[in-house]
Amino acid sequence: MQTNLQQLYGNIDIYLFDQLLKGTYHNCHKILDAGCGGGRNLVYFLRNGYEVYGIDPNANAVEAVKGLSKSLSPANPLTNFFVSAAEDLPFDDNYFDLVISSAVLHFARSAGHFDAMLHAMWRVLKPGGYFFARLASDIGIEELVKDLGNGRYLLPDGSERFLVNEALLLSYTQRLNGQLHEPIKTTNVQNLRCMTTWCLRKI
(Lines give C-alpha, C1' and ligand atoms only; values in the text may rest on other atoms or scores of the structure.)
Protein backbone atom coordinates (compact mmCIF):
# COMPACT_ATOMS: atom_id res chain seq x y z
CA MET A 1 0.00 0.00 0.00
CA GLN A 2 2.80 2.41 0.91
CA THR A 3 4.55 1.77 -2.41
CA ASN A 4 1.31 2.32 -4.30
CA LEU A 5 0.65 5.62 -2.55
CA GLN A 6 4.15 6.83 -3.32
CA GLN A 7 3.74 5.84 -6.95
CA LEU A 8 0.43 7.68 -7.14
CA TYR A 9 1.41 10.86 -5.30
CA GLY A 10 5.19 10.99 -5.10
CA ASN A 11 6.86 12.87 -2.26
CA ILE A 12 4.00 15.38 -2.19
CA ASP A 13 3.63 18.16 0.36
CA ILE A 14 1.26 16.74 2.97
CA TYR A 15 -0.98 19.83 2.95
CA LEU A 16 -1.28 19.74 -0.83
CA PHE A 17 -2.17 16.06 -0.46
CA ASP A 18 -4.85 17.14 2.01
CA GLN A 19 -6.42 19.37 -0.65
CA LEU A 20 -6.40 16.52 -3.16
CA LEU A 21 -8.12 14.23 -0.67
CA LYS A 22 -10.78 16.89 -0.12
CA GLY A 23 -11.36 17.18 -3.88
CA THR A 24 -10.59 20.90 -3.86
CA TYR A 25 -8.81 20.82 -7.22
CA HIS A 26 -11.07 18.27 -8.90
CA ASN A 27 -12.24 20.76 -11.54
CA CYS A 28 -8.83 22.33 -12.10
CA HIS A 29 -7.35 21.39 -15.46
CA LYS A 30 -4.37 23.67 -16.04
CA ILE A 31 -1.77 23.59 -13.25
CA LEU A 32 1.36 25.68 -12.63
CA ASP A 33 3.98 24.77 -10.06
CA ALA A 34 5.91 28.02 -9.64
CA GLY A 35 9.19 26.78 -8.22
CA CYS A 36 8.64 23.14 -9.14
CA GLY A 37 12.08 21.75 -8.31
CA GLY A 38 12.25 18.18 -9.54
CA GLY A 39 8.46 17.86 -9.57
CA ARG A 40 7.75 16.36 -6.15
CA ASN A 41 4.30 17.97 -6.08
CA LEU A 42 3.37 17.15 -9.66
CA VAL A 43 3.26 13.33 -9.73
CA TYR A 44 -0.49 13.09 -9.09
CA PHE A 45 -1.32 15.75 -11.66
CA LEU A 46 0.90 14.20 -14.33
CA ARG A 47 -0.52 10.73 -13.71
CA ASN A 48 -4.11 11.93 -13.96
CA GLY A 49 -4.18 13.86 -17.22
CA TYR A 50 -3.90 17.44 -16.00
CA GLU A 51 -2.22 20.03 -18.21
CA VAL A 52 0.88 20.61 -16.13
CA TYR A 53 3.39 23.46 -16.26
CA GLY A 54 6.41 24.13 -14.11
CA ILE A 55 9.04 26.83 -13.75
CA ASP A 56 12.16 26.95 -11.62
CA PRO A 57 15.27 29.14 -11.65
CA ASN A 58 17.43 26.01 -11.41
CA ALA A 59 18.14 24.48 -14.83
CA ASN A 60 18.97 21.06 -13.37
CA ALA A 61 15.62 20.97 -11.58
CA VAL A 62 13.83 21.80 -14.83
CA GLU A 63 15.59 18.94 -16.61
CA ALA A 64 14.57 16.61 -13.78
CA VAL A 65 10.90 17.59 -13.96
CA LYS A 66 10.96 17.20 -17.75
CA GLY A 67 12.17 13.64 -17.24
CA LEU A 68 9.40 13.02 -14.73
CA SER A 69 6.77 14.40 -17.10
CA LYS A 70 8.07 12.32 -20.01
CA SER A 71 7.85 9.20 -17.85
CA LEU A 72 4.43 9.80 -16.28
CA SER A 73 2.60 11.84 -18.92
CA PRO A 74 4.17 11.57 -22.39
CA ALA A 75 1.40 13.69 -23.91
CA ASN A 76 2.20 16.64 -21.64
CA PRO A 77 4.52 18.92 -23.68
CA LEU A 78 8.05 19.22 -22.32
CA THR A 79 7.96 22.85 -23.43
CA ASN A 80 5.61 23.43 -20.47
CA PHE A 81 8.69 23.30 -18.21
CA PHE A 82 11.39 25.92 -18.35
CA VAL A 83 13.79 28.08 -16.41
CA SER A 84 12.17 31.20 -15.02
CA ALA A 85 11.99 33.29 -11.87
CA ALA A 86 8.66 33.31 -10.04
CA GLU A 87 8.39 37.08 -10.36
CA ASP A 88 8.80 36.97 -14.14
CA LEU A 89 6.22 34.45 -15.34
CA PRO A 90 5.82 34.53 -19.15
CA PHE A 91 2.15 33.53 -19.17
CA ASP A 92 -1.02 35.41 -20.07
CA ASP A 93 -3.26 36.79 -17.35
CA ASN A 94 -5.92 34.40 -15.99
CA TYR A 95 -4.23 31.34 -17.52
CA PHE A 96 -4.21 28.68 -14.76
CA ASP A 97 -6.83 26.96 -12.63
CA LEU A 98 -4.31 26.21 -9.89
CA VAL A 99 -0.98 27.79 -8.96
CA ILE A 100 1.23 25.93 -6.49
CA SER A 101 3.92 27.79 -4.56
CA SER A 102 5.56 25.34 -2.18
CA ALA A 103 8.59 26.53 -0.20
CA VAL A 104 9.29 29.37 -2.65
CA LEU A 105 8.06 32.69 -1.27
CA HIS A 106 10.27 32.55 1.83
CA PHE A 107 13.31 32.89 -0.44
CA ALA A 108 12.25 36.47 -1.22
CA ARG A 109 15.16 38.89 -0.86
CA SER A 110 12.96 41.70 0.44
CA ALA A 111 9.36 42.76 0.93
CA GLY A 112 9.37 44.15 -2.61
CA HIS A 113 10.63 40.85 -4.04
CA PHE A 114 7.97 38.92 -2.10
CA ASP A 115 5.30 41.26 -3.45
CA ALA A 116 6.56 40.85 -7.03
CA MET A 117 6.57 37.05 -6.84
CA LEU A 118 3.15 36.88 -5.26
CA HIS A 119 1.53 39.30 -7.71
CA ALA A 120 3.06 37.48 -10.69
CA MET A 121 1.58 34.17 -9.53
CA TRP A 122 -1.77 35.78 -8.77
CA ARG A 123 -1.88 37.50 -12.18
CA VAL A 124 -1.74 34.23 -14.10
CA LEU A 125 -4.45 32.62 -11.97
CA LYS A 126 -7.99 32.55 -13.38
CA PRO A 127 -10.90 34.04 -11.43
CA GLY A 128 -12.32 31.14 -9.46
CA GLY A 129 -8.91 29.46 -9.49
CA TYR A 130 -6.93 28.25 -6.50
CA PHE A 131 -3.61 29.35 -5.03
CA PHE A 132 -1.75 26.96 -2.74
CA ALA A 133 1.24 28.31 -0.81
CA ARG A 134 3.48 26.82 1.85
CA LEU A 135 5.99 29.27 3.25
CA ALA A 136 8.01 30.04 6.35
CA SER A 137 6.46 32.25 9.02
CA ASP A 138 7.18 33.52 12.50
CA ILE A 139 3.79 32.36 13.80
CA GLY A 140 4.46 30.80 17.20
CA ILE A 141 8.18 31.62 17.26
CA GLU A 142 7.98 35.42 17.18
CA GLU A 143 10.39 35.80 20.11
CA LEU A 144 12.89 33.31 18.72
CA VAL A 145 13.69 34.88 15.34
CA LYS A 146 16.18 37.67 14.71
CA ASP A 147 15.22 40.53 12.40
CA LEU A 148 17.81 40.99 9.62
CA GLY A 149 15.88 43.75 7.83
CA ASN A 150 13.85 43.80 4.61
CA GLY A 151 11.46 41.18 5.97
CA ARG A 152 14.20 38.60 6.37
CA TYR A 153 14.97 36.82 9.64
CA LEU A 154 17.46 34.43 11.17
CA LEU A 155 15.62 31.34 12.38
CA PRO A 156 16.59 29.15 15.34
CA ASP A 157 17.58 26.39 12.87
CA GLY A 158 20.27 28.72 11.49
CA SER A 159 18.57 29.46 8.17
CA GLU A 160 17.69 32.92 6.84
CA ARG A 161 14.20 33.35 5.39
CA PHE A 162 11.66 35.97 4.46
CA LEU A 163 8.97 35.45 7.10
CA VAL A 164 5.27 36.23 7.03
CA ASN A 165 2.76 36.43 9.84
CA GLU A 166 -1.01 36.06 10.01
CA ALA A 167 -1.67 39.79 9.72
CA LEU A 168 0.42 40.05 6.53
CA LEU A 169 -1.28 37.03 4.94
CA LEU A 170 -4.75 38.33 5.79
CA SER A 171 -3.81 41.76 4.44
CA TYR A 172 -2.63 40.26 1.14
CA THR A 173 -5.75 38.08 0.95
CA GLN A 174 -7.87 41.22 1.04
CA ARG A 175 -5.67 43.26 -1.29
CA LEU A 176 -5.56 40.49 -3.89
CA ASN A 177 -9.34 40.17 -3.76
CA GLY A 178 -8.86 36.59 -2.64
CA GLN A 179 -10.79 34.37 -0.29
CA LEU A 180 -9.45 31.90 2.25
CA HIS A 181 -11.02 28.52 1.50
CA GLU A 182 -9.09 26.98 4.41
CA PRO A 183 -7.99 28.56 7.69
CA ILE A 184 -4.33 29.56 7.80
CA LYS A 185 -2.47 26.59 9.30
CA THR A 186 1.01 26.58 10.80
CA THR A 187 3.29 23.68 11.68
CA ASN A 188 5.84 24.40 14.40
CA VAL A 189 8.92 22.19 14.04
CA GLN A 190 10.17 22.03 17.64
CA ASN A 191 10.55 25.84 17.79
CA LEU A 192 13.27 25.67 15.13
CA ARG A 193 11.11 26.89 12.24
CA CYS A 194 7.46 27.26 11.31
CA MET A 195 5.81 26.51 7.99
CA THR A 196 2.44 28.02 7.16
CA THR A 197 -0.14 26.84 4.63
CA TRP A 198 -2.07 29.61 2.86
CA CYS A 199 -4.92 28.45 0.62
CA LEU A 200 -6.77 31.06 -1.43
CA ARG A 201 -9.39 31.20 -4.12
CA LYS A 202 -9.37 34.08 -6.59
CA ILE A 203 -12.71 35.87 -6.56
Ordered by number, the chymotrypsin sites (Phe, Trp or Tyr not before Pro) in segment 138-188 that occupy a DSSP loop and have at most 13 other Cβ atoms within 10 Å are none
Over 20 Å between Cα atoms, which of LYS22/LYS185; LYS66/LYS202; LYS66/LYS126; LYS70/LYS126 qualify? LYS66/LYS202; LYS66/LYS126; LYS70/LYS126
Antiparallel %, DSSP beta bridges [both residues in segment 92-182], to 5: 45 percent
Given unit charges at Cβ for Lys, Arg (+) and Asp, Glu (-), the dipole magnitude of the chain about its Cα centre in debye, nearest 20, is 400 debye
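Given Cβ point charges of +1 (Lys, Arg) and -1 (Asp, Glu) and nothing else, what value in debye, to the nearest 20, does the dipole of segment 90-203 about its Cα centre take?
Computed charge dipole of segment 90-203: roughly 200 debye.
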Calculate for the chain the 222 nm mean residue ellipticity that helices alone would give, adding -39,500 (n - 2.57) per DSSP H run of length 4 or more and normalising by residue count, nearest 500 deg cm²/dmol. -8500 deg cm²/dmol
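Give the ranking of SER159, SER101 by solvent-accessible surface, highest area first, calculated with a 1.4 Å probe. Show your work: numbers first, answer last.
Working: SER159 25, SER101 0 Å².
Most to least solvent-accessible, the answer reads SER159, SER101.
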With every protein chain in place, the accessible area of LEU148 for a 1.4 Å probe, in Å² rounded to the nearest 10, comes to 80 Å²
Carbon and sulfur %, accessible surface of the chain computed with the full protein complex present, 1.4 Å: 49 percent
Compute the projected area of the convex hull of the Cα atoms of the chain, averaged over all viewing directions, and report it in nm² to one decimal place. 11.3 nm²
Give the accessible surface of segment 71-157 per residue, rounded to a whole number of Å², with probe radius 1.4 Å and ligands, DNA and RNA excluded. 43 Å²
Could you do me a favour and compute the accessible area per residue for segment 1-50, 1.4 Å probe, result in Å²? 53 Å²
Relative contact order (%) - criterion: Cα under 8 Å, at least six apart; region: segment 16-130: 28 percent
Mind pulling the per residue volume of the convex hull built on the Cα atoms of segment 162-203? Å³ is fine. 65 Å³
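The values are calculated or read from the model by the stated rules, or taken from the named source; none is laboratory data. Just so you know, these numbers come straight off a predicted model, no measurement behind them. Here Cβ is always computed from backbone atoms with ideal geometry, including for glycine, and neighbour counts include all displayed protein chains. The protein model used for the area step is the full one, side chains on, heavy atoms only, and it has no ligands, DNA or RNA in it. Shrake-Rupley method; radii C 1.70, N 1.55, O 1.52, S 1.80 Å.
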